[in-house]
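This report refers to the structure that appears directly beneath it.
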Amino acid sequence: MKTNSNQNPSGENPYKLLGLKITGVKKWAAGVPAVMAAVSDLFEEGIPLRGTRALFAMNQKGGFDCSSCAWPDPDDDRSPLGEYCENGAKALAEEATDRKVTAEFFKKNSVYDLAKLTDFEIGRTGRLAEPMYMPKNGTHYEAISWDDAFGKIAEHLNALASPNEAAFYTSGRTSNEASFVYQLFAKEFGTNNMPDCSNMCHETSGTALLPTIGIGKGTVKLDDFYDTDVIVIIGHNPGTNAPRMMSALEKGKNNGAKIIAINPLPEAGLMGFHNPQQLNGIVGHGLKLADLYLPVKINGDMALLKAIELLLLDFEKKSPSEVFDHEFINKKTSGFELFIKQFDDYRLEDLATASGITPAAIYEAAQMLAFKKRIIFCWGMGLTQQPNGVDMIKEIVNILLLKGSIGKPGAGVCPVRGHSNVQGNRTMLVSEKPTNEQLDRLKNVFGFEPPREHGYDVVHTIKAMHTGKVKVLFSMGGNFLSATPDTTYTANAIRQLSLSVCVSTKLNRSHLVHGQEAIILPTYSRSDMDVVNGVPQFVSTENSMGIVQSSKGILKPISDKLVNEIQIVCRMAMSTLSNKSVVNWQRYANSYDAVRDDIEKCIPGFENYNVRVRQKGGFYLPNAAREGKFITKEFGNRAPFTLTTIPQNTLETDEYMMATTRTHDQFNTTIYGLDDRYRGISNERRVILMNPKDITSAGFVIGEKVDLFNYNDGIERIAPLFVIVAYPVPERNTVTYFPETNVLISINNVVEGSNMPASKFVKIKIKKHNPKYTS
């Protein structure tokens, strides 16, 4: 067996256990502690006035869009007390800081020395203030002018034997306008190698929904949460991942909705909510959220969903036409008879065992759904990052089709997107698999023949870099290394690049593990004012529910050497393509209205874009499934029932199933602090949550230091020095934080159909800590 001996590929020295503190699992989220945490972040950054001013403009009509999650803002009047959450305030504090990372900083600190810092320490250095360049065999980044940076990028791109030797990565924070010009440049350059963060979060959702309901997005509006019967939240933690969602859940509960929570961990944000803008949330007992909590085993979700369907079928037999919506089924679906026939082969007891949920609890869930028609299913990466995630989402669609609970008010699907404009990126044609219809529209508008060959997604890009097929990686935002799986493998792939380029607001790990040459291009944050030729500009984003709205920063940028992403793309295009281009890039650089004018010509739903995006609250994009119309040509514009299978998961006697998750003090790969307040874990990130029975049976003790191992592909992967924390997780299941355990996730451990990393399904072994791994 090959041993992956380089367990610290980034040079980081995180093995400094900081004094772990355990305070107990919290039973509710938000409230006064969230307000205090939000305010304290602004003071810690030394920007109480600057930060507070920005907070009250964030997510407000005419203000700027939060750079963290993609949860929608209310269509009606928004709260004058603020439309932000604790994590949004933390994100703002990070980007509104007045600390700067300049050429002088890099002169004093080598990449080797910076790589020894933790991700938290790296993030605290401040905003990037000028473009930087790492020469071949260099040890320190050095200042470079913008013109020279674009010249260097053009030199590398034009030296490639094929455009497909370049890849252009996109982060979810990239605006609609920047995403559009970015993909346009890549296609005119000649490649569809456009990996993006969707490839790691909700690619699974789109892959499942597009063939079943005709659109790869959710179908509900925010108002649907306010007036519905049942909300099912599966594989998602609203208290940390989308805290403003709890306000919508509160409104639904107050109007009579029931909530079913399905998750291996009893997250505070699923159990209760103290609304800090309501008296009851400040001095009262708050609101109980989940009426029923089902602690499903990791990857036991499919068995649970089928068990619910089996019981719904039983209810339907006892009360014909009162449970299933046969009119809807007959008019708008296909494959019902074959779908129902499969349940002859299932037994409730077997499904209950496979899911880890008792038959009685499953019966209660089915009973809550049986005689209701307005049902919303919400999910997050707890589903999308499992090997059979595509099938599990199709199974959710099956339940909604049985009930006729899609395409009507108060009912439908709601994939809770993680990053602010990740959905907008895809709408703007950032995809490695553009359709011929999309490419034809670009050809008709611009007059060049775009490439038709599908490009690389994230996983395929990493493999292509590893084998030398991709030589230049341009990253529009994000932290590619820390976000991706198989850290050692990915780091080695990045180091083989001839050039890596990162467009960033802050220093991160991906600047420290780089190609033979590297460039950092500093850009504006969402809260920064953007003025072009004396004219204030704004950009736009799309949230989880398909609303496109403007975003206009209000803060003075911390440096006059920052350049907006749109202009970065335009200047790169002009330097690289020169007079070969048929696109008027200077027109786009001069006015973002010009970008929107051409988006309108290329993408359906953006008619009269510049007028409608200036309306308060923006506008909704078309969504046929929301109206009960399923554009599925293969099935005669009907929504098909899908036949799926239950995975047969086995573990060796010394194996455990691991899922990675974020702490409450982080957003994606950005680490705001070292506390996971709701889970009662403070001052340490290198922990492994284990069931108390597993700790005892394996001969461990609470607080013991251990090393974690994965053996996929015949390779020994090691994540050393973790501390055992007893936690109410299902037996033989464990939970750790990312990116610390991304090193354990094989590049080949992916979701079938979407090719996403299966970060919620990692087989590991746990051994007592060996100091040789951290010496």
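The values are calculated or read from the model by the stated rules, or taken from the named source; none is laboratory data. What you see is a predicted model, and the numbers here were worked out from it, not measured in a lab. Neighbour counts run over all protein chains shown; Cβ positions are idealised from the backbone, glycine included. Accessible surface areas use protein heavy atoms only, side chains included; no ligands, DNA or RNA. Shrake-Rupley method; radii C 1.70, N 1.55, O 1.52, S 1.80 Å.
One line per residue, one yes/no per condition, for (1) closer than 15 Å to Lys288 by Cβ; (2) open to solvent by less than 10 Å² (accessible area, probe 1.4 Å); (3) part of a helix (DSSP H, G or I):
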residue: Leu209; (1), (2), (3): no, yes, yes
residue: Asp224; (1), (2), (3): no, no, yes
residue: Ile233; (1), (2), (3): yes, yes, no
residue: Gly239; (1), (2), (3): yes, yes, yes
residue: Gly256; (1), (2), (3): yes, no, no
residue: Pro266; (1), (2), (3): yes, no, no
residue: Pro276; (1), (2), (3): no, no, no
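Pairs are defined by a Cβ separation below 7 Å, a sequence spacing of at least 6 or placement on different chains, a first member in the stretch 726-746 that is touching a residue at least 12 places away in the same chain (Cβ under 8 Å), and a second member that is small (Gly, Ala, Ser) and in a loop (DSSP other than H, G, I, E, B); the pairs so defined are Pro730/Gly356; Phe738/Ser759; Ile745/Ser759.
Of all residues in the stretch 44-65, those being open to solvent by less than 20 Å² (accessible area, probe 1.4 Å) and either in contact with a Cys (Cβ under 6 Å, 6 or more places away or on another chain) or closer than 19 Å to Gly673 by Cα (or both) number 5. Of the residues Tyr112, Tyr169, the single one that is aromatic (Phe, Trp, Tyr) and open to solvent by less than 10 Å² (accessible area, probe 1.4 Å) is Tyr169. You will find that of Val687, Val735, Val743, Val723, the residue that is β-branched (Val, Ile, Thr) and closer than 19 Å to Pro295 by Cα is Val735 and no other. Just so you know, in the stretch 101-121 the residues that are at pLDDT below 95 and outside any loop (DSSP other than H, G, I, E, B) include one that is farthest from Gly46 (Cα to Cα), and it is Asp119.
Of all positions in the stretch 73-86, at least one carries a residue that is on the phi > 0 side of the Ramachandran plot and modelled with pLDDT under 70. Taken together, Ser498, Ser482 contain a single residue that is hydroxyl-bearing (Ser, Thr, Tyr) and surrounded by fewer than 21 Cβ atoms within 10 Å (Cβ to Cβ), which is Ser498.
Candidates are the residues of the stretch 332-360 that are of a type in the set (A, V, I, L, M) and open to solvent by 40 Å² or more (accessible area, probe 1.4 Å); the one that is farthest from Pro264 (Cα to Cα) is Leu338.
Across the stretch 442-459, the number of residues qualifying as open to solvent by 40 Å² or more (accessible area, probe 1.4 Å) and either in a helix (DSSP H, G or I) or closer than 22 Å to Gln496 by Cβ (or both) comes to 4.
For the stretch 753-767, the count of residues that are surrounded by fewer than 19 Cβ atoms within 10 Å (Cβ to Cβ) and over 22 Å from Thr487 (Cβ atoms) is at least one. Exactly one residue out of Ile376, Ile393, Ile399, Ile462 is open to solvent by less than 20 Å² (accessible area, probe 1.4 Å), within 30 Å of Asn649 (Cα to Cα), β-branched (Val, Ile, Thr) and not in a helix (DSSP H, G or I), and it is Ile376. Quick one: how many residues across the stretch 588-604 are surrounded by fewer than 16 Cβ atoms within 10 Å (Cβ to Cβ) and touching a residue at least 60 places away in the same chain (Cβ under 8 Å)? Selection size over the stretch 588-604: 1. When Leu128, Leu117, Leu92 are checked against the criterion of being open to solvent by 40 Å² or more (accessible area, probe 1.4 Å), under 21 Å from Gly478 (Cα atoms) and of a type outside the set (D, E, K, R), Leu117 stands alone in meeting it. Against the numbered list (1) within 26 Å of Glu607 (Cβ to Cβ); (2) surrounded by 21 or more Cβ atoms within 10 Å (Cβ to Cβ); (3) in contact with an Asp or Glu (Cβ under 8 Å, 6 or more places away or on another chain); (4) among the β-branched types (Val, Ile, Thr), Ile558 comes up short only at (1).
Considered as a group, the residues in the stretch 665-707 that are among the small types (Gly, Ala, Ser) and touching a residue at least 12 places away in the same chain (Cβ under 8 Å) include one that is surrounded by the most Cβ atoms within 10 Å (Cβ to Cβ), and that residue is Gly673.
Among the numbered conditions (1) under 28 Å from Cys201 (Cα atoms); (2) open to solvent by 10 Å² or more (accessible area, probe 1.4 Å); (3) of a type in the set (A, V, I, L, M), the only one that Met368 does not meet is (1).
Applying the criterion of at least 2 residues that are within 19 Å of Ile406 (Cα to Cα) and without any contact (Cβ under 8 Å) to a residue 12 or more places away in the chain to the helices (runs of 4 or more DSSP H) found wholly in the stretch 290-350 leaves 326-332. When Leu721, Leu744 are screened for being at positive phi, buried (at least 17 other Cβ atoms within 10 Å of the Cβ) and among the aliphatic types (A, V, I, L, M), only Leu721 passes. For residues that are in contact with a strand residue (DSSP E or B) (Cβ under 8 Å, 6 or more places away or on another chain), open to solvent by 10 Å² or more (accessible area, probe 1.4 Å) and part of a loop (DSSP other than H, G, I, E, B), scanning just the stretch 526-542, find the one that is modelled with the lowest pLDDT. Ranking the qualifying residues of the stretch 526-542, first place goes to Arg526. Residue check: is Phe189 open to solvent by 10 Å² or more (accessible area, probe 1.4 Å), aromatic (Phe, Trp, Tyr), more than 28 Å from Ala91 (Cβ to Cβ) and touching a helix residue (DSSP H, G or I) at 6+ places or on another chain (Cβ under 6 Å)? Considered against the rule, which asks whether it is open to solvent by 10 Å² or more (accessible area, probe 1.4 Å), aromatic (Phe, Trp, Tyr), more than 28 Å from Ala91 (Cβ to Cβ) and touching a helix residue (DSSP H, G or I) at 6+ places or on another chain (Cβ under 6 Å), Phe189 comes out as yes.
Looking across the stretch 502-522, the residues that are hydroxyl-bearing (Ser, Thr, Tyr) and not in a helix (DSSP H, G or I) come down to Ser504, Thr505. Scanning for something farther than 29 Å from Arg596 by Cβ, part of a loop (DSSP other than H, G, I, E, B) and either of a type in the set (D, E, K, R) or touching a residue at least 24 places away in the same chain (Cβ under 8 Å) (or both), does the stretch 424-435 turn up at least one residue? Within the stretch 424-435, none of the residues are farther than 29 Å from Arg596 by Cβ, part of a loop (DSSP other than H, G, I, E, B) and either of a type in the set (D, E, K, R) or touching a residue at least 24 places away in the same chain (Cβ under 8 Å) (or both). Selection over the stretch 561-587 of residues that are in contact with a Ser or Thr (Cβ under 7 Å, 6 or more places away or on another chain) and either of a type outside the set (D, E, K, R) or open to solvent by 40 Å² or more (accessible area, probe 1.4 Å) (or both) gives a count of 5. For the residues Thr219, Thr204, Thr228, the requirement of being outside any loop (DSSP other than H, G, I, E, B), open to solvent by less than 10 Å² (accessible area, probe 1.4 Å), at pLDDT 95 or above and within 30 Å of Met246 (Cα to Cα) singles out Thr204. Residues in the stretch 610-648 that are part of a loop (DSSP other than H, G, I, E, B), open to solvent by 30 Å² or more (accessible area, probe 1.4 Å) and in contact with a helix residue (DSSP H, G or I) (Cβ under 8 Å, 6 or more places away or on another chain): Ile631, Arg638, Leu643, Thr645, Ile646, Pro647. Would you pick out the residues in the stretch 559-589 that are among the polar types (S, T, N, Q) and more than 27 Å from the chain's Cα centre (by Cα)? Passing the criteria: Ser559, Ser575, Thr576, Ser578, Asn579, Ser581, Asn584, Gln586.
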